[in-house]
Amino acid sequence: MSYVVESGKALPLGASLSGGGVNFSLFSRHAEAVSLLLFENARENSPVAEIPLDNIKNKTGDLWHCQVQNLREGACYLYRVSGPYLPEKGLRFNSNKALLDPYARAVSGLNEWNAASSLGYDPASCDSDLSFSRVDDAAVKPRGVIVKNDFDWQGDNPLNYPLRFSVLYETHVKGLTAHPASGVEHQGTYLGIVEKIPFFKELGVTSLEFLPLQEFNENEFPRRSPKTGKMLANYWGYSTAAFFAPKAAYAFDKTPGGAVNEFKYMVRELHKAGLEVILDIVFNHTAEGNEQGPTLSFRGLDNTIYYMLNSNQRYYQNYSGCGNTLNCNHPVVRSFIIDCLHYWVMEMHVDGFRFDLGSILGRDQNGHLMENPPTLELIAEDPVLRHTKIIAEAWDAGGAYQVGWFPGGRWAEWNDHYRDDIRLYWRMDPNQAQHLATRLSGSSDLYLRDGRKPFHSINFITSHDGFTMRDLVSYNEKHNEDNGEEGRDGSNNNCSNNNGEEGPSKNAGIEAARIKLQKNFIATMMVSLGTPMLLGGDEFGRTQGGNNNAYCQDNEISWYDWSLLDANRGLFRFTKEMIAFRLRHHGFMRPEFYTGRDGSYNAIPDITWFNAKGETPIWEKTGYCIALRMDGSKADIMADKDDNDFFIMFNAGPGSVHFSICDPLAGKRWVRAVDTAMQSPQDILVPGTEKDLDSRHYTVQGRSMVILISRTVRE
């Protein structure tokens, strides 16, 4: 087949339908020659055309480009790039290895790809990666798909809720509905997410935070489960192969490029239901691995620009723990990152991003942490992203730890201090009440000093990385044997407590203790200043059988078993009512830190702390019991809204404790809204059914918490 080829335009990068054909543009600074490979379909076959690009009429600066007339959506393409192969100098061009466009909007064939066919070197050679492979892999390489941007958004735009009014729900696209008990027609897909919208609406969360859904190779791991003998999978997806392309395997529509419109449909329908979409995105490394890894894209385009290399440029810096590290503060890579974020916001309508191992985005090309990293500052100040949520995992695998210090201005952070301190308090570790108080108050020790606000702390007890909440109260040790790494993987510092028996138990007392602790975690998170994040499935007791690193378990270990929703209906009710409780009360979403001083016409402090006797606590001697009174007047200065007053009592100790309760304000009375020691539905009472107190004392049962709310006498 012959094609009419014109010079084309340098921008935009990628493949875009334009002027009766497709404009292609690719960056490579050190390439000596570039050819465009065209395929008639997504199946395994040889290219139907190989179009060499002239280095004068098809090149502008470092951008190689052309316009191919009469080419339409659904066509597939790759590149062949020639240049020096000098691994000791960081140059790994190999024209025998076809290359995937980093800007490809859709990709086909990634899960079927055998990465061994794309090694740039001869694995049989004694010179290892210094050798040169002459095996052409174009016929079997994953390829980019031309897609048409013609989706009917029906007026949709990102919702962009203020962070402080958000309740995040971290989940996995496939795992949410892959289980046979999910009750959906389109299991494990974007459409399956849409089918679960009524559930999310009932639960009351505002924002879904998805684990990586940019294209990755599920089948890149060579290991088998020692228990079942089945191949293990890259389930979590933290190994991105194509940053602009939604994962095709998560789409019910299996036509090439079908995932793009299906993803857009999911976003549109979630937005109609008032639910935001936040993507976990992995700019710290790519799927190409170290010098022994395959040549898929960046390595063959310009290895020295895209990656951080050692002084011996044959080898890669590895701050990601995954073999390579993207050179994020190189201007070219910085532009790539911004282009990618713009695409997901402007074309795919997402509301935010969580940046995996975000500290890497603050390292220079030598791996040193920068004081004012231009990439992080650019993301924070970019006008397109001005209202987009940006959340950092403020550490990396190279030793950087920047929680409370993450540079770049307006970044929110996953707060692992919150996670650990709340776990330790409810585990009955000694002298934890003062740390509980700090985390409840928005972690001012971390965020006040640089002008950030309480809502910049993403408060979580559990996340995909670690125990589920059910496992947190059911296991003392991790149980990762199914991962095939002989238990070496996963954290050993879980701050967990099995409550008397490792794993599942038929003991009614142990089961009651576990349910109560899960309610404590949920309630604590919902009354803390900061932005709460719930791990998907924790609301109904999802378990991974003690596996705290289920990254490779694409099976019932990780999938949500929806039969647990009926089995743990009381826990689900408590969770949804606590979310509603938080969102009704602006006092827990206040935009400023507590001061401990009088800030209202009531002439009382905005927060006051007590010990169980009603006295000012001596923090080092407080033990397991602490209480607080929160003044609700002018709780939300920005919205000029008052709230109720609250008196909250915490008892992490094993025995019951009689708490003295401070007097309510004149004309007010205290009523009980929450007592985690009670059975459902008395554990949390809906508005108008709260119970009056008959004394100025309240007995808080061991390892439980109680929330009192003020009402006017006439209410």
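Here, each number is a calculation from the coordinates, and none is a lab measurement. Note that the structure is a prediction, hence the values are computed from the model and not measured. A quick note on method: Cβ atoms are made from the backbone with ideal geometry, for glycine too, and the neighbour counts reach across all protein chains shown.
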Problem - Residue (of N111, Q69, G90) at the positive-pole extreme of region 5-145, dipole from beta-carbon charges - result: Q69
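Could you grab the Rg to Rh ratio for region 594-712? Cα atoms only, Kirkwood for Rh.
On the way: Rg = 14.4 Å, Rh = 14.9 Å.
On the Cα set of region 594-712, Rg over Rh gives 0.97.
Measure up K264/K519; K59/K148; K59/K97; K621/K691; K516/K621; K247/K478 against 27 Å on the Cα-Cα distance and list the ones that go over. Before the final figure, lay out the partial values.
On the way: K264/K519 35 Å; K59/K148 25 Å; K59/K97 21 Å; K621/K691 32 Å; K516/K621 25 Å; K247/K478 30 Å.
Over 27 Å apart, Cα to Cα: K264/K519; K621/K691; K247/K478.
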Practice task
In whole Hz, with x marking every Gly and Pro, tabulate ³J(HN,Hα) for region 472-487 from phi via Karplus 6.51 cos²θ - 1.76 cosθ + 1.60, θ = phi - 60°.
Solution key: 4, 9, 10, 9, 8, 10, 6, 9, 10, 4, 5, 7, x, 10, 6, x
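Would you kindly state how much longer the chain becomes between E502 and K613 on full extension, computed as 0.36 nm times their sequence separation minus their alpha carbon distance, in nm to one decimal?
Values: separation 111, 0.36 × 111 = 39.96 nm, distance 3.61 nm.
The E502-K613 span can extend by a further 36.3 nm.
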Practice task
Let me know the shape class of region 163-220, please: from the alpha-carbon gyration tensor, a ≥ b ≥ c as square roots of the eigenvalues, rounded when a/c is under 1.5, otherwise prolate if a/b is greater than b/c, or oblate.
Solution key: oblate
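Express the relative contact order of the chain as a whole percentage, based on alpha carbon pairs under 8 Å and six or more residues apart in sequence.
Working: 1693 pairs, mean separation 71.9, N = 715.
Dividing the mean separation by the residue count of the chain yields 10 percent.
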Practice task
Among DSSP beta bridges lying fully in region 102-240, give the percent that are antiparallel, nearest 5.
Solution key: 50
Practice task
Sort out for me the Cα centre separation of region 19-97 from region 522-590, rounded to whole Å.
Solution key: 47
Handout entry: Of P654, T531, Q292, farthest towards positive along the dipole that unit charges on Lys, Arg, Asp, Glu beta carbons give the chain
Key = P654
Problem - Cα-only radius of gyration and Dmax that characterise region 5-145, units Å - result: 15.2, 51
Fill in the blank from the handout: Full extension between R584 and E477 adds, at 0.36 nm per residue less the Cα distance, a length in nm of 34.7 nm
Completion exercise
Restricting to Cα pairs under 8 Å and 6 or more apart, the percent relative contact order of region 425-508 works out to 23
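Dipole size in debye (nearest 20) for the chain around its Cα centre, Lys and Arg Cβ +1, Asp and Glu Cβ -1?
1040
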Practice task
Between E185 and T712, with labels modelled 7 Å along Cα→Cβ, what's the label distance in nm to one decimal, could you check?
Solution key: 5.1
Completion exercise
Rounded to one decimal in nm, the spacing of the 7 Å Cα→Cβ label points at D122 and H30 is 2.3
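Which whole-number percent gives the relative contact order of region 297-427, counting Cα pairs below 8 Å spaced six or more residues apart?
Numbers: 201 pairs, mean separation 28.8, N = 131.
Here the relative contact order equals 22 percent.
Tell me what the chain gives for mean residue ellipticity at 222 nm when only DSSP H runs of n ≥ 4 count, each as -39,500 (n - 2.57), the sum divided by the residue total, rounded to 500 deg cm²/dmol. Intermediate values should be presented prior to the final figure.
Numbers: 14 runs with 133 residues, N = 715.
Computed ellipticity for the chain at 222 nm equals -5500 deg cm²/dmol.
If you put +1 on each Lys and Arg Cβ and -1 on each Asp and Glu Cβ, how big is the dipole of region 297-378 around its Cα centre, in Debye rounded to 20? Kindly include the intermediate steps, with their values, before the conclusion.
Details: 5 positive and 8 negative charges, 70 e Å.
In total the dipole reaches around 340 debye.
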Exercise for the section: Order by neighbour count: D54, D127, fewest other Cβ atoms within 10 Å first, most last. Expected result: D127, D54
Exercise for the section: Using the number of other C-beta atoms within 10 angstrom as an exposure proxy, rank H330, H186 with the fewest first. Expected result: H186, H330
Completion exercise
Length gained, W153-S7, 0.36 nm per residue minus C-alpha separation, equals 49.3 nm
Problem - Helix 331-346 vs. the chain, principal-axis angle (Cα, 0 to 90°, nearest 10) - result: 60
Practice task
Please arrange R696, R452, R590 by counting, for each residue, the other beta carbons lying within 10 Å of its beta carbon, fewest first.
Solution key: R696, R452, R590
Practice task
Quick one: angle between helix 258-272 and the longest Cα principal axis of the chain, in degrees between 0 and 90, rounded to 10, please.
Solution key: 30
Handout entry: Cα-based equivalent ellipsoid, the chain: semi-axes from gyration tensor eigenvalues, Å
Key = 50, 25, 24
Exercise for the section: Just grab the label-to-label distance for E377 and L86, each label 7 Å out from Cα along the Cβ direction, in nm (one decimal). Expected result: 3.4
Fill in the blank from the handout: Over the Cα atoms of region 27-110 the radius of gyration and the largest Cα-Cα distance (Dmax), both in Å, equal 13.5, 43
Practice task
Check the straight Cα-Cα distances from K272 and name the aspartates and glutamates below 20 Å, setting aside those fewer than 8 residues away within the same chain.
Solution key: D150, D152, D156, E170, E195, E202, E209, E262, E347, D351
Exercise for the section: Per residue of region 194-204, in order, report the coupling 6.51 cos²θ - 1.76 cosθ + 1.60 (Karplus, θ = phi - 60°) as ³J(HN,Hα) in whole Hz, putting x for Gly and Pro. Expected result: 4, 5, 8, 4, x, 5, 4, 5, 5, 5, x
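For region 594-712, give the magnitude of the charge dipole about the Cα centre (Cβ charges: +1 Lys/Arg, -1 Asp/Glu; no others), in debye to the nearest 20. Numbers along the way, then the final one.
Numbers: 13 positive and 16 negative charges, 58 e Å.
The calculated dipole for region 594-712 is roughly 280 debye.
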Handout entry: Cα long-axis angle, helix 569-584 against the chain (0 to 90 degrees, to the nearest 10)
Key = 90
Handout entry: Table column - 3J(HN,Hα) (Hz), region 546-557, Karplus curve with 6.51, -1.76, 1.60, x for Gly and Pro
Key = x, 6, 9, 8, 7, 5, 10, 10, 8, 6, 6, 4
